[in-house]
Every structure is written in C-alpha cells, then in structure tokens.
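Colleague: Handing you a structure now.
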C-alpha cells in the first residue's frame, strides 16, 4: 500500500525507524504499528492458527482481530499487542503473530514496572468521543469531579476523521479545545486506557498503557502499564 501525499494524522517530516520480523522499516510520527506496516507495503502480518491462511490488517482500532505482535522491550517482551492501537516510536522491535502461535515466545523475567492506583469521582465517563466529551464538559461545568477514560491515544473518537463543525468550530479544533478545558478544570483524562471490568456499586477497573507506548529511552521511569481501581457516584458509557 502506498502513502497518500498529504493528509492524515502523521507528520511526514519526522520519520521513525523500526524493525518488524527482523526487517528494517520506516514510518512516521503519528503512525500506529499497523499503519506503518501498511505504509511500508507489508500486507500479510500473520497466518490463521488452524490452516495457516494469510491474514492482514482489517480495521483501525480496538476491533482489530488479526494484527497482533510481540514487542521487545528492555529486558522483556510483551506478547499479543494489538498493532492498530500501538503508537509507532523510534527503535520499536516487533515480531508478527504467526511466530507467536508457532511457539516463538521468549523466556526470561519481565523487568518492566507495573503499578496500580485508586481513584474516586462523581462521574466516570467511558469514551472520549463527541458524546463523552460533551458529557464530561457539562458535568465539569456543574462542579462535579469528573474522570474521562479513552482507549485511543487521543480524545475525539469519530470527530478525528470528521470534517463537520461542532458549536461553530471545526471538529478537530472543538476536540482540542474541549480536551484543554477539561484538563484545566481538574478533570482526570486517561488516554490509552481501557475500561476492562465493571464492578458492583459503580466500580470500574481501567487498564492504561503508559511507558509501553513509548521508547524505553523516552519512558523516563514511567510504569509500563497502570491498573486503576475507580469508584464513581455515576458512570456514563459513551462508547
């Protein structure tokens, strides 16, 4: 697949070198591993478990069912990382899913740091698309303590690819302004965070990727992942 000459969320002035199945490839800042592979002409990223049929990237988000990789980190590896949600970074090293299912898992201890935190809020909003952002803004302006959780690396949802206007602003500008307003108001905004389990009495378990989405040299001692235990007075599912 060839790159478009302009447009999209990538910065064509900032190339990033990475390796996939031992091959040296180049993508751009703003790519995911999936989009970088497609841009580099890599169409087959694995094979089916039973019959060995070729598999390729079929979607652009959490719904991706074929594109999984094993990603090497300093002193460890992370298996079954979804390519369509992993931001590309300089020096990323990954192996395709076909090697994983054939038993090519690396051994050794995992030296990464993983932590957990507890949070309490008046309103937990799951999903930072237009509905989630609007709900969080309304509650924040009313004085509520708000926590906003988004599985993507940035807020916006469908508005990231929408040319329409919201409140008289271009969609992308509205998302940027809404996100800034929420952060300035004290709203806790988590990106690369998945609401993984709903508990009784408005409890929610949220798994967030932090250092795992960055090069080791850029992680700055951040944990690879963080598990949030959230207790909210109310929850809005805006997914």
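The values are calculated or read from the model by the stated rules, or taken from the named source; none is laboratory data. Worth saying up front: this structure is predicted, and the values here are computed from it rather than measured. Quick reminder, even Gly has a Cβ in these numbers, built from the backbone with ideal geometry, and neighbours come from all protein chains shown.
Colleague: Kindly evaluate residue 128 against the criterion of being part of a loop (DSSP other than H, G, I, E, B), touching a helix residue (DSSP H, G or I) at 6+ places or on another chain (Cβ under 7 Å), buried (at least 20 other Cβ atoms within 10 Å of the Cβ) and at pLDDT 95 or above.
Modeller: Spelling it out, residue 128 is indeed part of a loop (DSSP other than H, G, I, E, B), touching a helix residue (DSSP H, G or I) at 6+ places or on another chain (Cβ under 7 Å), buried (at least 20 other Cβ atoms within 10 Å of the Cβ) and at pLDDT 95 or above.
Colleague: What do you reckon, is residue 154 under 13 Å from residue 128 (Cβ atoms), within 21 Å of the chain's Cα centre (by Cα) and modelled with pLDDT of 95 or more?
Modeller: For residue 154, the condition - under 13 Å from residue 128 (Cβ atoms), within 21 Å of the chain's Cα centre (by Cα) and modelled with pLDDT of 95 or more - is not met.
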